[in-house]
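Take a look at this one; I'll ask things after.
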Amino acid sequence: GNSVTQMEGPVTLSEEAFLTINCTYTATGYPSLFWYVQYPGEGLQLLLKATKADDKGSNKGFEATYRKETTSFHLEKGSVQVSDSAVYFCALTGGSYIPTFGRGTSLIVHP
Amino acid sequence: KAGVTQTPRYLIKTRGQQVTLSCSPISGHRSVSWYQQTPGQGLQFLFEYFSETQRNKGNFPGRFSGRQFSNSRSEMNVSTLELGDSALYLCASSLDGTGSANYGYTFGSGTRLTVV
């Protein structure tokens, strides 16, 4: 079946540091890939998406590139802020796939 | 426009009881999916409804059921509650269903169910 693997957290960074959260997936065919963010006490919010290989999704300074050859969709941000502290979920979906989410990676940014 | 609305926000139920949770999707969205979120298992897919029809179902026992009405509002029901059903239940709506390949989901804030 399909699966999504994210790096274990928490990831702890200082403000303005560079962020990478790794995500790899297993799926047949060509799924769409997503990153969602969850702030405490809230549901998930769509952060960015990519629907085909080599697409780059971007939003609010975050970026991720759909790499089919490495089955990866790593999330990056050049300079994190305290307000970016949240839990980040990688997900795949599309076509006949039952949507599959990773376990989530907690990000803590210190001033 | 209004987001995805889930009611109630919090519930406390006793083991053996049943519970019904409600979700109103974004206006115009015809697909509603339900997820269970727990610290141990993460986000687990329950089922998806599109135009009142169940399109996909996750690996949950028959005690978990759902339905969708003609106005796209959805309810999920859990019967014979167990302690392990304590979780955050999230509803997600989307325009196109089929896993929302093009648009992704818009999630509600969830219903926190505690079974005692």
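The values are calculated or read from the model by the stated rules, or taken from the named source; none is laboratory data. Since this is a predicted model, take the numbers as computed values, not measurements. Cβ: placed from backbone, ideal geometry, glycine included. Neighbour counts: every protein chain shown. When the accessible area is computed, the model is the full protein with side chains, heavy atoms only, and any ligands, DNA or RNA have been set aside. Shrake-Rupley method; radii C 1.70, N 1.55, O 1.52, S 1.80 Å.
Residue by residue through segment A:30-43, which ³J(HN,Hα) values in whole Hz follow from phi under the Karplus form 6.51 cos²θ - 1.76 cosθ + 1.60 (θ = phi - 60°), with glycine and proline marked x?
Ordered by residue, 3J(HN,Hα) equals 10, x, 8, 10, 9, 10, 10, 10, 10, 8, x, x, 10, x Hz.
Set the Förster distance to 30 Å, then compute FRET efficiency between B:Arg63 and A:Asn2 from the Cβ-Cβ distance, nearest 0.05. Kindly include the intermediate steps, with their values, before the conclusion.
Working: r = 25 Å, r/R0 = 0.83.
Calculated transfer efficiency: 0.75.
Right, another one. Leaving out ligands and nucleic acids, note down the accessible area per residue over chain A with a 1.4 angstrom probe, in whole Å².
Numbers: 5200 Å² over 111 residues.
Value for chain A: 47 Å² per residue.
Just tell me how shielded A:35-46 is by partners: mean number of partner chain Cβ atoms within 10 Å of each residue's Cβ, no decimals.
Numbers: counts 1, 5, 0, 6, 0, 0, 5, 4, 15, 12, 5, 8.
If you average over the peptide's residues, the count of other-chain Cβ atoms is 5.
Okay, next question. Restricting attention to segment B:1-40, which chymotrypsin sites (Phe, Trp or Tyr not before Pro) occupy a DSSP loop and are surrounded by at most 11 other Cβ atoms within 10 Å? Don't skip to the end; give the middle numbers.
Values: sites: B:Tyr10, B:Trp34, B:Tyr35; in loops: none.
Passing both the DSSP loop test and the Cβ count: no residue.
With +1 on the Cβ of every Lys and Arg and -1 on the Cβ of every Asp and Glu, and nothing else charged, how large is the dipole of chain A about its Cα centre, in debye rounded to the nearest 20?
Working: 8 positive and 10 negative charges, 68 e Å.
Its charge dipole is roughly 320 debye.
Per the 1.4 Å probe, what fraction of the accessible area of the protein assembly as shown, in percent, lies on carbon and sulfur atoms?
Values: 5070 of 10460 Å².
Answer for the protein assembly as shown: carbon and sulfur cover 48 percent of the accessible area.
Based on the Cα gyration tensor of chain A, what are the three equivalent ellipsoid semi-axes, each the root of five times an eigenvalue, rounded to whole Å and given largest first?
On the way: eigenvalues 112, 40, 27 Å².
So the three semi-axes of chain A are 24, 14, 12 Å.
For peptide A:47-56, compute the average count of partner chain beta-carbon atoms within 10 Å of each residue's beta-carbon. Write down the numbers at each step before the final one.
Numbers: counts 1, 1, 5, 0, 4, 0, 0, 0, 0, 0.
Mean shielding count: 1.
If I take every Cα pair under 8 Å that is 6 or more residues apart in chain B, average their sequence separation and divide by the length, what percent do I get for the relative contact order?
Working: 301 pairs, mean separation 42.2, N = 116.
Once normalised by length, the contact order is 36 percent.
Moving to a separate point now. So, in nm, how far is label B:Gln44 from label A:Tyr30 when the simple model puts each one 7 Å beyond its Cα toward the Cβ?
3.4 nm
Can you give me the distance in nm between label points at A:Ser83 and A:Lys60, each placed 7 Å from the Cα along the Cα-to-Cβ direction?
Computed distance between label sites A:Ser83 and A:Lys60 equals 0.9 nm.
Given points 7 Å out from each Cα along the Cα-Cβ axis, report the B:Leu11 to B:Ser27 separation in nanometres with one decimal.
2.7 nm
Which net charge results for the neighbourhood of B:Val19, defined as the other residues with beta-carbon distances under 9 angstrom from its beta-carbon, given Lys and Arg at +1 and Asp and Glu at -1?
Details: positive: B:Lys13; negative: B:Asp85.
Summing Lys and Arg as +1 and Asp and Glu as -1 gives 0.
Mind checking how much accessible area A and B bury in total, 1.4 Å probe, in Å² rounded to 100? Kindly include the intermediate steps, with their values, before the conclusion.
Working: alone 6000 and 6040 Å², together 10460 Å².
Between A and B, the summed buried area is about 1600 Å².
Springs between alpha-carbon atoms under 10 Å, Gaussian network over chain B: tell me which of B:Gly40, B:Gly104, B:Gly28 tops the mean-square fluctuations.
Result: B:Gly40 has the largest fluctuation of those listed.
B:Phe47's amide H: which non-local residues (gap 5+, or another chain) put their own amide H closer than 5 Å, with H modeled 1.01 Å from N in plane and none for Pro or chain starts?
B:Trp34, B:Gly58
Moving to a separate point now. Short version: ³J(HN,Hα) in whole Hz for each residue of segment B:88-94, in order, from phi by Karplus 6.51 cos²θ - 1.76 cosθ + 1.60 (θ = phi - 60°), x for Gly and Pro, what are they?
With coefficients 6.51, -1.76 and 1.60, one gets 9, 9, 10, 10, 9, 10, 8 Hz.
Can you bin chain B into rounded, prolate or oblate? Criterion: square roots of the alpha carbon gyration tensor eigenvalues sorted a ≥ b ≥ c, rounded for a/c under 1.5, prolate for a/b above b/c, oblate for the rest.
In terms of gyration-tensor shape, prolate.
How well do other chains shield peptide A:99-109, expressed as the mean number of their Cβ atoms within 10 Å of each residue Cβ? Each step should come with its number before you reach the end.
Values: counts 15, 4, 6, 2, 5, 4, 0, 0, 0, 0, 0.
Mean inter-chain Cβ contacts per residue within 10 Å come to 3.
Then there's this: Could you give me the ³J(HN,Hα) list for segment A:44-59, computed from phi with Karplus coefficients 6.51, -1.76, 1.60 and θ = phi - 60°, whole Hz, x at Gly and Pro?
For segment A:44-59, the Karplus curve yields 7, 10, 5, 9, 6, 8, 8, 9, 8, 4, 6, 5, 10, x, 8, 5 Hz.
Another one. Would you please classify the overall shape of the protein assembly as shown from the alpha carbon gyration tensor, given that a ≥ b ≥ c denote the square roots of the eigenvalues, rounded means a/c under 1.5, and beyond that prolate means a/b larger than b/c while oblate covers the rest? Intermediate results must be reported in sequence, preceding the final value.
Details: a/c = 1.83, a/b = 1.42, b/c = 1.29.
Prolate is the answer for the protein assembly as shown, as a/c is 1.5 or above and a/b outweighs b/c.
Same structure again: List the residues of segment A:61-87 whose backbone N lies under 12 Å from a point placed 7 Å from the Cα of A:Ile108 along the Cα-to-Cβ direction.
Answer for segment A:61-87: A:86.
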